[in-house]
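Nothing in this text is a laboratory measurement; each read-out follows from the coordinates by a stated rule. Just so you know, these numbers come straight off a predicted model, no measurement behind them. Cβ atoms come from the backbone with ideal geometry, glycine included; neighbour counts cover every protein chain shown.
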Amino acid sequence: MSEWRQRAKDIFFGPKEPGITDERKRSFNFFILEACTGTISYTMTTGVFMTGLALYLGASDYLAGILASVQMLMNSVQIPAAFVVERVKHKKRYLSITYFMFRVMLSSSILIPLILPKSLWVPAFVTLNVLGFLSNSLGQPGFNDWMFDLVPLSIRGVFAARREARCQLLSVIFSLTMGVVVDALGQGYGAFAVPYSIAICVGLVNFWCIRQIETPPKEAENFQPPKVPFRKRLMGNRPVLQFSAIWILWNFGYMMAFSYFSVFMISSLGLSYSFMTVQNTVQMLSLVIAIRFWGRYADRAGWPKCLRMACLVIIAAFVARAFVVPSVSFLLIPIAILTGIGMGGTNIGPLNMVSYLGRSEERSFLIGLQAGVSGLSGFLGSLVGGGLNEAFRGVQVGPFTGLHITFLASGAVMAAAWIVFSFWARSKGVRALGAPGRVMEG
């Protein structure tokens, strides 16, 4: 029995790599479990479920789209949050509390109709989502730095792919099940109470998983952040600045369209939650299958090549959505496959790029900087996307609407970012940038 149990653990968590201690391997396993429980909680309180609850509470299509991008805006807080987490003495306690508050804030949104008058439903929903994503941003730079400190560079690609694949697979299972449940229960309050209640329970397990991971090395060593002026820290990490500048443009274009995918499927195409869940399931399964390739490819060829290929796939998928109308809504399935394949690379690429390009003693600061500026640009992109949707609200050519124009504009912006990134990566030497055994020169 123990042999089968060990085999099952090796399949799910991966085998123990040479040179890794038992305690470190246990931490790797809990990093994976944290991602799984966190992603389940996140899936139950965002995407079509968040959009559906927002519309039920009385939010407009425009506000529902903006809410989908609140996380991007709150990511801008990661810049000052990085300075905070560098100076927090008890990092593990701080990070576990901020992540716990994130889960609680989002999942407790389901209680709004039970305790507040109807006039406050939408303001309260917006407030809880903003505070929840704010809590997440306060902890994210430190949490990612914690993980990078424990996971050796030589296996980061494989580990990141394994972690992402496991959590996304569970997300698919829960999302598919809940989509059917929400449809079966009539898309009313009782229907949305099911996924949100699950999110509350899984959030508690997520907190426990974080507490099981070994103490961050910087906390154990009583690490003191470098006392260097902000500008000097920036200038000392120019490759990270250059990459972040390119990713600003990418996120701007990405969120122009992504923020309105759920609104597009619900309001424009009139799709059922079951179909949307199937579409999301296909997308996530594609991600799970493809991500192993991306991780191994990045470890072998470097992160720039990985990101260039992944971004190209996503651009094709986004532009293809501009040609989907109610009569051919089935095309969302092959488009979802393309999107999932591309997301497999972009989900694990940016953080690993920053981790490799930057100095380890300043990793929290650099992760926060990259996420912050990208998040702010993503939020601005969603505002521009919303503005385009409003401007072209009355425009209709056959079955095509203003949302289709927004998707085309989004693809054009992302294509521009891809071209700039390709030239930049070549100028730095693709194999020297993120590939094992090579040193990147600033």
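Could you give the angle, 0 to 90 degrees to the nearest 10, between helix 238-258's Cα long axis and the longest principal axis of the Cα atoms of the chain? The two axes meet at around 20 degrees. Taking the number of Cβ atoms within 10 Å of each Cβ as an exposure proxy, the fewest-first ranking of LYS118, LYS218, LYS305, LYS16 is LYS118, LYS16, LYS305, LYS218. The mean of 1/r over all pairs of different alpha-carbon atoms in segment 122-181, once inverted, gives a Kirkwood hydrodynamic radius of 14.4 Å.
For segment 254-377, the relative contact order is 31 percent, taking Cα pairs closer than 8 Å that sit 6 or more residues apart in sequence and dividing their mean separation by the residue count. Relative contact order of the chain, please, whole-number percent, based on alpha carbon pairs below 8 angstrom and at least 6 residues apart. This gives 26 percent for the chain.
For the chain, the longest principal axis of the alpha carbon atoms and the long axis of helix 189-212 meet at an angle near 0°. Cβ-to-Cβ counts within 10 Å put SER108, SER272, SER96 in ascending order as SER272, SER108, SER96, the fewest first. Taking a ≥ b ≥ c as the square roots of the eigenvalues of the Cα gyration tensor, segment 1-112 is classed as oblate, since a/c reaches at least 1.5 and a/b does not exceed b/c. What's the angle, to the nearest 10 degrees (0 to 90), between helix 47-57's Cα axis and the longest principal axis of the chain? Compared with the principal axis, the helix lies near 50 degrees. Going through segment 1-56, which GluC sites (Glu not before Pro) have at most 13 other Cβ atoms within 10 Å and a DSSP loop state? When the GluC sites (Glu not before Pro) of segment 1-56 are filtered for loop state and at most 13 Cβ neighbours within 10 Å, nothing remains.
Averaging Cα coordinates gives a centre for segment 171-216 and one for segment 91-113; these two points are 13 Å apart. Here is the size of segment 66-189 from its Cα atoms: Rg then Dmax, 17.7, 55 Å.
Placing R0 at 25 angstrom, the Cβ-Cβ distance between GLU23 and ARG300 gives a FRET efficiency of 0.30 after rounding to 0.05. Under 12 Å from a label point set 7 Å out along the Cα-to-Cβ vector of VAL328, the amide N atoms of segment 398-420 belong to 399-400. Distances between every pair of Cα atoms in segment 251-339, grouped in 10 Å steps from 0 to the bin holding the largest one, split as 15, 45, 29, 10, 1 percent.
Dividing the C-alpha radius of gyration of the chain by 2.2 N^0.38 Å, with N its residue count, gives 0.95.
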